[in-house]
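Heads up: the structure comes next, in structure tokens.
The values are calculated or read from the model by the stated rules, or taken from the named source; none is laboratory data. Note that the structure is a prediction, hence the values are computed from the model and not measured. We place every Cβ from the backbone using ideal geometry, glycine too, and count neighbours over all the protein chains shown. The protein model used for the area step is the full one, side chains on, heavy atoms only, and it has no ligands, DNA or RNA in it. Shrake-Rupley method; radii C 1.70, N 1.55, O 1.52, S 1.80 Å.
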Amino acid sequence: MSFAVRMRGITKRFGSVTALDRVDLDVEQGIIHAIVGENGAGKTTLMRVLYGALNSDEGSLEVEGKPVKFGTSREAIQAGVGMVSQHYGIIPELTCLQNLILGAEGGPILRNRAAEERANALATKMGFEFDWQADASSLSPAGAQKLEILKLLWREARVMILDEPTAMLSPADAGALFESLDSLARDGATILLVTHRLPEVLEHCRTVTVLRAGKRIDEKAVAGTNGSELAQLIVGGALEASTHTAPFRPGAPVLEVSNLSVKGDRGEMALKGVGFQLRSGEILGIAGVDGSGQRELFESIAGLTKTVEGSIVLEGKSVDALSPSDRIAGGMRLIPEDRHAQGVVEEWSLNENAALGLQRLSPFARGATIDGSARHEMASKIAERFDTKHGGLNLPMSSLSGGNQQRFVAARSLCLDPRLVLAFQPARGLDIKGTLSVYEGIREVCRNGAAALVVSFDLDELLEQCDRVVAMNHGRMHEPPADRSKDRDTIGRLMVGAE
Amino acid sequence: MIWRLVAMVAGACAILAGAILVAHQSPIESLTTLIHGSLGSPTAIAGTLRESTPLLICGLAVFIALRAGLFNIGVEGQLLVGACSCAVVAVRFPGPLGMVLGVLVGMVAGMVWALPAALIKAYRNGHEVITTIMLNNVALFLTSALVSGPIKDKTQSDTATSFVAQTTRLPFVYKTQTVEINCALVLGIVLAVAMAIWLKKTVAGYELQAVGANRVAARFAGISPQKVTVLAMSISGALGGLAGAVQILAYEGRFYDGFSPGYGFDALGVALLAGGSAYAVLPSSLLFGILSKGGTALQIDGVPKGITTVVLGLLIFIAAAIRYRKVTSDA
């Protein structure tokens with residue numbers, strides 16, 4: 001049996017973090033091989049090493065039996081290895097043909113007619129149809145995906161890496177995509193598929209490698225495994241007892257969401273009829289792989305995204321018609337996912353940032369004016385709450401490290417008596433101690449009658465810190481059965497849609 | 001880092017000296033003429049302040065938009081429609097009523113002129129630079145057409161409106177035979193101070209600057225970037241219109257074809273040079289006023305007036321480079 005790819009002992013460190021720890025990967029030629037694992041397990045990093053976009057610190061690499069060392073992706077492409085990343089590299093202002101040949105024009109002079117002929121030949125072979133002179137902006141997500149695959153064929157890639165190729169596709173388009181991948185594999189190409197979705201693995205792949213926390217956990221032939229076993233391998237076999245054991249007595253409903261549907265960035269239905277209830281004192285964790293609709297849920301509750309249908313009720317009052325700022329006035333608080341882009345103004349001082357989002361509330365505002373001394377006092381309280389390390393409240397936010405910015409943003413959302421805390425990865429970039437103190441802070445406001453909705457990609461964190469955990473998959477919310485409400489395995493399977 | 005800056009300033013001075021030498025003049029002598037012509041006598045100073053006034057108000061107009069992250073290139077057009085409509089109203093209603101109405105109408109006209117750009121930016125994400133440039137052209141030719149026909153004073157040969165009555169004019173705070181200082185300057189200074197306080201002390205000012213500094217974070221903070229965009233452009237347009245109205249009522253007395261020598265465009269430099277503080281628009285506009293007035297003196301001396309534009313260009317260039325250096329060293 002001949003191997004298209006053999007990776008041996010690949011180690012990659014980013015600062016003090018080991019993203020890949022002596023990972024081995026063997027992929028036979030002419031098959032579809034899946035790489036699965038949780039967020040941050042190292043799947044994409046491993047593929048980027050294979051593609052030459054990252055250089056590994058240790059380890060060796062063989063492509064089609066020849067030892068290689070890629071300094072850049074250009075060298076990888078020359079050796080026949082190509083990758084379609086999660087975020088497509090299509091430039092919307094260029095035509096489809098220009099996108100296709102970009103970077104592989106084959107000489108300083110463009111020969112459009114010859115290029116179009118070859119493009120058509122490739123497309124016909126794959127059963128695709130393209131208007132080559134149309135702007136790439138007119139492509140649907142599925143069309144863009146197909147164009148990305150043609151880009152690999154144009155470069156004569158024999159090993160093709162696809163990172164979450166179906167993330168943006170409808171089920172029908174995904175089916176069509178796998179048909180073309182199957183035919184490519186039959187013709188001798190080797191396909192590496194990075195995915196979160198177990199049904200895809202079980203249905204379309206021959207072999208699968210499981211990564212967890214930067215380590216290769218196992219490699220299986222798909223025929224010899226099942227969804228339940230894979231889910232267990234992905235999230236880690238041992239079931240840990242939840243550390244949060246305080247008796248939980250929920251009070252009156254704080255948030256009632258019913259039949260909520262929301263469109264995503266690309267116009268696809270990202271949230272499909274989600275409904276749930278959140279009671280006073282309760283912390284609800286939302287598990288799920290990235291892009292399952294958590295972002296849309298979070299933003300629509302905050303009033304930042306329009307809903308297609310459904311209703312959101314906060315403490316008995318409908319907020320459907322309320323602006324984000326009215327919802328904040330009603331007690332809603334956000335810990336946004338991306339503190340850098342969404343949570344702070346980097347060039348502003350800590351003082352000024354202390355009021356961001358709360359600027360209309362007392363004591364920050366007195367009528368239409370800002371109370372500077374109250375703001376200063378609040379800023380120092382916010383900084384103290386989770387021990388934010390800073391050199392002075394008048395220094396710009398950009399002088400803080402990411403973790404300290406996160407502490408500041410989290411503490412800010414918990415001040416001024418919140419009723420509902422919407423937290424998207426509240427412990428992002430924090431060490432264990434910081435993580436625990438932020439969750440303890442959330443717990444404390446909940447003890448005082450608030451409720452919290454926590455989105456995280458780390459299932460263990462949710463199981464430890466939340467009263468209840470539900471899973472999102474493909475825009476739908478799945479609640480585990482009551483007797484297995486904190487069962488890691490059950491929720492792990494709900495997350496990847498293996499039920 | 002500081003050496004690069006010194007080198008840059010020295011380079012700029014060398015380019016300038018070279019340019020003056022090319023015009024067959026002595027650089028030192030030219031500098032003396034420039035300073036003398038703009039600051040050398042009470043009359044010269046008064047002239048400089050007069051020149052600074054529209055630059056100050058227009059500079060504030062550009063400045064407030066910049067704080068909201070908008071680049072209002074359209075102040076020139078807003079000034080023209082403000083001046084033109086003010087002149088028409090002030091001629092029709094002599095006396096204090098005409099003064100008040102003229103100012104109000106000028107501001108509303110400027111605001112209305114900025115509104116299409118504001119709405120297109122806010123709700124269709126059309127770039128305000130493009131739309132305001134286009135609106136400048138419309139304003140220029142529209143006012144030119146009006147003053148050539150419908151609102152032209154038929155009793156005279158100039159393409160201009162009639163003069164506004166003396167009773168309708170803005171009063172002088174200080175006036176002798178040779179020196180005049182109009183209350184328009186005081187108005188401009190008050191506006192600068194008021195704007196600085198408004199931005200620092202009010203929730204609305206805070207929200208406007210939040211949108212300018214980080215639009216996404218502002219949205220997550222419950223601020224509507226759309227509303228702020230419309231608000232900031234409206235204030236900006238109203239100030240542009242006010243600058244035009246003040247120009248009529250304080251100094252020019254009538255609207256004519258070719259009314260503005262490009263105050264609205266120079267104001268872009270005024271605001272950029274001022275950086276992040278409304279107070280800084282005061283010295284910045286004064287500097288532009290000095291160079292403009294001194295440039296006229298240079299011209300009489302045989303040095304092309306354009307040389308002062310070179311100076312301004314270099315100043316803005318250096319200011320931008322300093323600011324850029326700060327940004328990159330933070331990162």
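When the strands (runs of 3 or more DSSP E) confined to segment A:1-83 are screened for residues that are of a type in the set (D, E), those reaching at least 1 such residues are found at A:17-28, A:58-63. Apart from one condition, B:F259 fits all of (1) out of contact with any Cys (no Cβ under 9 Å at 6 or more places or on another chain); (2) away from chain A (no Cβ under 14 Å); (3) part of a loop (DSSP other than H, G, I, E, B); the exception is (1). Here B:G205, B:G244, B:G237 are screened, and the one residue that is modelled with pLDDT of 95 or more, of a type in the set (G, A, S), under 20 Å from B:L49 (Cα atoms) and part of a helix (DSSP H, G or I) is B:G244.
Candidates in segment B:208-221 are the residues that are facing chain A (nearest Cβ under 7 Å), assigned to a helix (DSSP H, G or I) and in contact with a helix residue (DSSP H, G or I) (Cβ under 8 Å, 6 or more places away or on another chain); of these, the one that is surrounded by the fewest Cβ atoms within 10 Å (Cβ to Cβ) is B:V216.
For the structure I just gave you, tell me whether A:L459 is closer than 16 Å to A:F276 by Cβ and of a type outside the set (F, W, Y). Spelling it out, it is not the case that A:L459 is closer than 16 Å to A:F276 by Cβ and of a type outside the set (F, W, Y). Look at segment A:476-492: where a residue is of a type in the set (A, V, I, L, M) and a partner is modelled with pLDDT of 85 or more, sitting 6+ places away or on another chain with Cβ atoms under 7 Å, you get A:M477/A:V274; A:M477/A:F276; A:M477/A:V470; A:I491/A:A287; A:I491/A:V469; A:I491/A:A471; A:I491/A:P480.
Checked against (1) open to solvent by less than 10 Å² (accessible area, probe 1.4 Å); (2) touching a Gly at 6+ places or on another chain (Cβ under 6 Å); (3) within 14 Å of another protein chain (Cβ to nearest Cβ), B:W198 meets all criteria but (1). Scoring A:T435 on the criteria (1) in contact (Cβ under 8 Å) with a residue 12 or more places away in the chain; (2) over 28 Å from A:G227 (Cβ atoms); (3) open to solvent by 40 Å² or more (accessible area, probe 1.4 Å); (4) not small (G, A, S) leaves a single failure, condition (3). When the criteria are applied in full, B:L70 meets the requirement of being crowded, with 20+ Cβ neighbours inside 10 Å, aliphatic (A, V, I, L, M) and not in a helix (DSSP H, G or I).
The condition of being open to solvent by 20 Å² or more (accessible area, probe 1.4 Å), under 13 Å from A:F424 (Cβ atoms) and within 11 Å of chain B (Cβ to nearest Cβ) holds for only one of A:L322, A:L304, that being A:L304. Can you tell me which residues in segment A:394-415 are touching a residue at least 60 places away in the same chain (Cβ under 8 Å) and surrounded by fewer than 20 Cβ atoms within 10 Å (Cβ to Cβ)? The answer is A:G402, and nothing else.
In segment A:356-374, the qualifying residues are those that are facing chain B (nearest Cβ under 7 Å) and of a type in the set (A, V, I, L, M, F, W, C), and the one that is nearest to A:K389 (Cα to Cα) is A:L356. Among the residues making up segment A:264-300, a single one is buried (at least 21 other Cβ atoms within 10 Å of the Cβ) and free of Cβ contacts under 8 Å to residues at least 40 places away in the same chain: A:E299.
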